[in-house]
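Structure first, commentary second.
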Amino acid sequence: MIKYILKRLANYVVMLFVAVSMTYFLASAFMNPRSNYMSRHPAPPEASINRSLDNANINDQTPVILRYLRWLKGVVTKWDWGLAPDQSPVGSAVATRISASVQLVTIGTILSIVIGVAIGVYTAIRQYKWQDRTLNAIATFFLVVPTAVLGLFVVFGAIWLNNATGTRLFYVTGLHSYGGSNPWGYVVDFLQHIILPTIVLTIPGVVGYHLTQRTYLLDTMNADYVRTARAKGLTLNQAIRKHALRTSLIPTCVNVAFSIAGVFTGAVITETVFAINGLGRYFVTTINNNDINGAVCIAAFGGACTLGGALLADIASAWLDPRIRLG
């Protein structure tokens, strides 16, 4: 198993390096930081613009290969991801947003996986029964509800509940507002802030994992080896638990792995509704501001999340199906 993990890890490190390097060249080709200065009225002198762009290592008059080598040297030797066009450090800005996004999406992601997979297994075992039809109807409803609409509905519901009880049970903006030193007060404040966005992030995730896990399990329930196990005397639940479930969890593990990066950078709407300065909003800002270094830094983080999740999926898949290790 260790040899298998090390081999996969080496492959992923090479893939990450190639992907981030290609992202740098693509961002340099399609983004134009010079336009940020030229659009000002009056426009700064060209010499001043070039100094600012050179300081951030994003001057389009410098060959891109030289800019890339300087950028790569800064990342490798000093973990310096460069400057934005406004001369602010990219690394610290991304680190702050990563912290906010981790707080925002971690609970929602875990709940989505656990609840979604559990419901998927529950409905697959009861295919076409009233439980299956009811839960599938609810899933279909939430599947077509836009995240922005769901977020606003949750916000209005929380405001109504606050007004009805005469106390602030939930906060609808930000992640923190407590400034004291009491740990219990900090925890309560965090829960008051995180519950609403967690609901908005969890519901679509639960729907996705519910429907996919139901499909995967239904496919494996009809496999020959499951029918053989039942012919040998196992009940349906025993055959599912000992044989079908392990196999059906493999594609779910892969889906989880490749959705991690999207969870961080794809929560733009939720972050906007609840005024959270997370990674998703910052990613949109980097594109709008022609921030080459910022976009590449976020792409690197997303790639690391994806490949880290893929490695965990490989480990989980090898544990669920020993034939993968032998292959």
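The values are calculated or read from the model by the stated rules, or taken from the named source; none is laboratory data. Keep in mind the model is a prediction, meaning the values are calculated, not measured. With ideal geometry, Cβ positions are generated from the backbone for all residues, glycine too; neighbour counts draw on all protein chains shown. These area figures cover heavy atoms from the full protein model, side chains too; ligands, DNA and RNA do not enter into them. Shrake-Rupley method; radii C 1.70, N 1.55, O 1.52, S 1.80 Å.
Taken as a whole, the condition of being in contact with a Leu (Cβ under 9 Å, 6 or more places away or on another chain) and open to solvent by less than 50 Å² (accessible area, probe 1.4 Å) does not apply to S259. Which of the residues spanning segment 56-100 are on the phi > 0 side of the Ramachandran plot and either open to solvent by less than 70 Å² (accessible area, probe 1.4 Å) or acidic (D, E) (or both)? Listed by number, the residues that qualify are N57, G82, Q87.
Could you list, in sequence order, the residues of segment 233-256 that are touching a Lys or Arg at 6+ places or on another chain (Cβ under 8 Å) and open to solvent by 40 Å² or more (accessible area, probe 1.4 Å)? It would help to see each step written out before you state the result.
At the first step, the residues of segment 233-256 found to be touching a Lys or Arg at 6+ places or on another chain (Cβ under 8 Å) are 234, 236, 239.
The answer is L234, L236.
Inside segment 87-121, residues that are closer than 12 Å to Y209 by Cα and not aliphatic (A, V, I, L, M) make up a count of 4. The single residue among V200, V145, V114 that is β-branched (V, I, T), under 23 Å from P251 (Cα atoms) and out of contact with any strand residue (DSSP E or B) (no Cβ under 9 Å at 6 or more places or on another chain) turns out to be V114.
Scan the helices (runs of 4 or more DSSP H) fully inside segment 244-327 and keep the ones with 3 or more residues being in the same structural domain as Q192 (by TED's automatic domain parsing) and modelled with pLDDT of 85 or more.
On the way: elements: 245-265, 268-273, 279-288, 292-320, 323-326.
The qualifying helices (runs of 4 or more DSSP H) are 268-273, 279-288.
Scanning segment 63-87 for residues that are within 17 Å of N290 (Cβ to Cβ) and out of contact with any helix residue (DSSP H, G or I) (no Cβ under 9 Å at 6 or more places or on another chain) yields nothing. The residues on offer are M31, M15, M38, and the sole one that is in contact (Cβ under 8 Å) with a residue 12 or more places away in the chain and open to solvent by 80 Å² or more (accessible area, probe 1.4 Å) is M15.
Yes/no matrix, rows are residues, columns are (1) over 26 Å from T272 (Cα atoms); (2) open to solvent by less than 40 Å² (accessible area, probe 1.4 Å):
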position: F156; (1), (2): no, no
position: L161; (1), (2): no, no
position: G174; (1), (2): no, yes
position: N182; (1), (2): yes, no
position: I194; (1), (2): no, yes
position: I199; (1), (2): no, no
position: L217; (1), (2): yes, yes
